[in-house]
1. Can you name the residue in the stretch 179-222 that is among the hydrophobic types (A, V, I, L, M, F, W, C) and in contact with a Cys (Cβ under 7 Å, 6 or more places away or on another chain) and is also surrounded by the fewest Cβ atoms within 10 Å (Cβ to Cβ) among such residues?
2. Among the numbered criteria (1) touching a Cys at 6+ places or on another chain (Cβ under 6 Å); (2) touching a residue at least 40 places away in the same chain (Cβ under 8 Å); (3) over 30 Å from LYS1 (Cβ atoms), which single criterion is violated by SER66?
3. In the stretch 29-46, is there at least one residue being of a type in the set (D, E, K, R), in contact (Cβ under 8 Å) with a residue 40 or more places away in the chain and open to solvent by less than 60 Å² (accessible area, probe 1.4 Å)?
4. Which one of these is modelled with pLDDT of 95 or more and on the phi < 0 side of the Ramachandran plot: VAL196, VAL140?
5. Residue check, PHE67 against (1) open to solvent by 70 Å² or more (accessible area, probe 1.4 Å); (2) out of contact with any Gly (no Cβ under 8 Å at 6 or more places or on another chain), all met but one. Which one?
6. Given (1) more than 20 Å from the chain's Cα centre (by Cα); (2) over 22 Å from MET100 (Cα atoms); (3) among the acidic types (Asp, Glu), where does ASP69 come up short, assuming only one miss?
7. So which residues in the stretch 159-189 are farther than 23 Å from VAL16 by Cβ and assigned to a loop (DSSP other than H, G, I, E, B), if there are any at all?
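The values are calculated or read from the model by the stated rules, or taken from the named source; none is laboratory data. Being a predicted model, the structure only gives us computed values, none of them experimental. Note that each Cβ is placed from the backbone with ideal geometry, even for glycine, and that neighbours are counted across all protein chains shown. Just so you know, the surface numbers come from the protein's heavy atoms only, side chains and all, with ligands and any DNA or RNA stripped out. Shrake-Rupley method; radii C 1.70, N 1.55, O 1.52, S 1.80 Å.
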Amino acid sequence: KILSVSRAVGGAVPNVGIDIKRVDPTIPVSAIGKIGNDADGDFLVETLEANDVDASLLVRGELPTSFTDVMSIVGGQRTFFTYPGACADFGVDDVDFEKMDAKMLHLGYFLLLDKVDSGDGEKILKAAQERGIKTSIDLVSENSDRYHIVKDCLKYTDNLIINELEAGMIAGIKPCHENLEKIARALKDMGVSERVIIHMPETGVCLSDNGFFELPSWELPKGFIKGKTGAGDAFCAGALIGIYRGLDEMGILTLAQKSATASLSAADAIGGMVSEAEIDAMLKEMNIDF
């Protein structure tokens, strides 16, 4: 039986973008992507604009707006059924760099966007760096041998922010806690210029030219976690805010973990995200030292 049904935006663009605006409303955020001329596309634009995310650079395509059905089973893994739709047709020609006024460009999700995976992702990142824009990427997790397609993009990536499974698959190293530093160094050697940030349920790590840093996950009260959908994107949003602010490695990891913790308090991807001050108050109430 399906016990409940809810509707929410999802994916890297709305999840990360809205999370950033909620944690730090002072940071200007714009969404880039392709959606359909349909009710789902309208819903996405309305939600972005309601959260003060600029949606003017979104392109309306001929295909329907992409969507994903997320099945969450208590005690089991989440299962995603996705319809690629307009997102699969998103490529470098849909990015108007002349209208883009940005310090940072985050490109996600590799392994889910057909044109991006077929070479347009590398073109977008290269064009951004040529314009002095810092780049970051993330992936979707899948059981496949396709992770090699990301390797050519790493030389145009300033910050790689992914989970341990994705990191291990790209590096060709077993994804486990003991191997995180080895995996991070392998990815940095592949061309990532500034930071390799890897998150997993137990911990988060950051490798830069300053060294290797780790922040173990906080122990949360029983019953606090309402859902894990979007937690990785929330971690990414917090890390990007930290990078934008110029924080050190532990500062970046701490803000990333704060954001991920807030996300876990709601079943959908963005419902639990609040301002940094509210997150701090919540953590203090749970006697978590940060």
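1. From the stretch 179-222, those among the hydrophobic types (A, V, I, L, M, F, W, C) are 180, 183-184, 186-187, 190, 192, 196-198, 200, 205-207, 212-213, 215, 218, 220; that's our starting set.
Imposing the further condition that a residue be in contact with a Cys (Cβ under 7 Å, 6 or more places away or on another chain) reduces the set to 197, 213.
Working: ILE197: 30, PHE213: 19.
Residue satisfying both the conditions and the ranking: PHE213.
2. Status for SER66: all satisfied but (3).
3. Yes, that holds for at least one residue.
4. Numbers: VAL140 fails: modelled with pLDDT of 95 or more.
Being modelled with pLDDT of 95 or more and on the phi < 0 side of the Ramachandran plot holds for just one of VAL196, VAL140, which is VAL196.
5. (2)
6. It is condition (1) that ASP69 fails.
7. GLY172, ILE173, LYS174, CYS176 - these are the residues of the stretch 159-189 that are farther than 23 Å from VAL16 by Cβ and assigned to a loop (DSSP other than H, G, I, E, B).
Each row is one residue, and each column tells you yes or no for (1) under 23 Å from CYS153 (Cβ atoms); (2) assigned to a helix (DSSP H, G or I); (3) touching a strand residue (DSSP E or B) at 6+ places or on another chain (Cβ under 8 Å).
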residue	(1), (2), (3)
GLY41	no, yes, yes
GLU46	no, yes, no
ASP52	no, no, no
SER56	no, no, yes
VAL59	yes, no, yes
PRO64	no, no, yes
GLN77	no, no, no
ASP93	yes, yes, no
ALA102	yes, no, yes
